[in-house]
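Bear in mind these aren't lab numbers, they're just calculated from the coordinates by the rules spelled out. Values in this document were obtained by computation on a predicted structure and should not be read as measured data. So basically every Cβ, Gly included, is an ideal-geometry build from the backbone, and we count neighbours across all protein chains shown.
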Amino acid sequence: MLSWVSMSCRNCAMFDYWALISRLVCLLLLVWVSVPISASSAQPISPAEELPVRKVVVLDPGHGGHDPGAVGPSGLAEKLVALSVAQEIREILSPTYEVHLTRDDDYSVDIERRTEVANHYRADVFISIHVGGAFGHQGRGTVIFYHRRRNTGLGSTPYRQYGNSWETGEKPVLWENIQGKHTAESQLLAELVHRHLTGKLSPVDEGIREAPLLVLKGADMPAILVEIAHLSHPAEEAQLRKPGVISAAAQAISEAIKEYFRKAD
Ligand SMILES: [Zn+2]
């Protein structure tokens, strides 16, 4: 048909035009027939080939801005040490995990806001980093805390969510003590950080403690607070000024986080 049109109407521009349309129709038909064949031969993407979801780590360098935290005898401020440790941990872990800091410079952040950042990013772990102080410069050592609420006498439930607090006549508090859901995982995280970090900065091991901690109680994920050393102690402040010591602390906490994810998965 194609050749008949083009042969019988060689001098007619209109018929040449129809011949061109006919060729295009044939070409489209060929493409239409070939598409299902190539689609059926394509390999489906198996679940194993999908990109894995990266674990999320939120680090909270304590204090900042007008709040220096503890200040060592020679003037080293807790807020700066905590920030350096958090930034180094981020550098170590970023190739593997998604890492966020509650502050990335020397400015003030409300305690509630710090917890909000961890919840906002749906963190898999939340670690608040401090370098404690003690009156009289007597206290020293590394200590790890996880949250345990005070016994309020309001019942045996380990945590209470917003919704029924009006029944007790109390002021409603969103996410109050949601951290109670994660106590076992927080204890595991505390144990691993304790194992990796103890002895890196101070010869004194103050162990793992439980305490009602404002920055952790509203965190809806495994969460701990780490006092990597006591900056108020002259020997520990001097240790923190030595080159490589902050990096060693960051490396130890990073190793603990990696081990936590291996064990928790
Ligand atoms: Zn502190």
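For Phe145, Phe261, Phe126, what's the fewest-to-most ordering of other Cβ within 10 Å of each Cβ?
Exposure proxy ranking, most exposed first: Phe261, Phe145, Phe126.
Percentage of Cα-Cα pair distances in segment 53-264 greater than 27 Å, rounded to whole percent?
When every Cα pair of segment 53-264 is considered, 29 percent fall beyond 27 Å.
Over 24 Å between C-alpha atoms is what I'm after, so list which of Lys79/Lys263; Lys217/Lys242; Lys55/Lys217 land there.
Lys79/Lys263; Lys217/Lys242
Got a sec? How would Asp124, Asp106 order by Cβ neighbour count within 10 Å, fewest to most?
Asp106, Asp124
How much length, in nm to one decimal, is gained on full extension between Ala211 and Glu116, taken as 0.36 nm per residue of separation minus their Cα-Cα distance?
32.2 nm
Give the calculated FRET efficiency between Ala235 and Phe261 to the nearest 0.05, with a Förster radius of 35 Å applied to their Cβ-Cβ distance.
Working from the Cβ atoms, E equals 0.55.
Ranked from highest to lowest mean number of other Cβ atoms within 10 Å per residue, what is the order of the peptides 239-246, 81-88?
Those peptides, ordered most packed to least, come out 81-88, 239-246.
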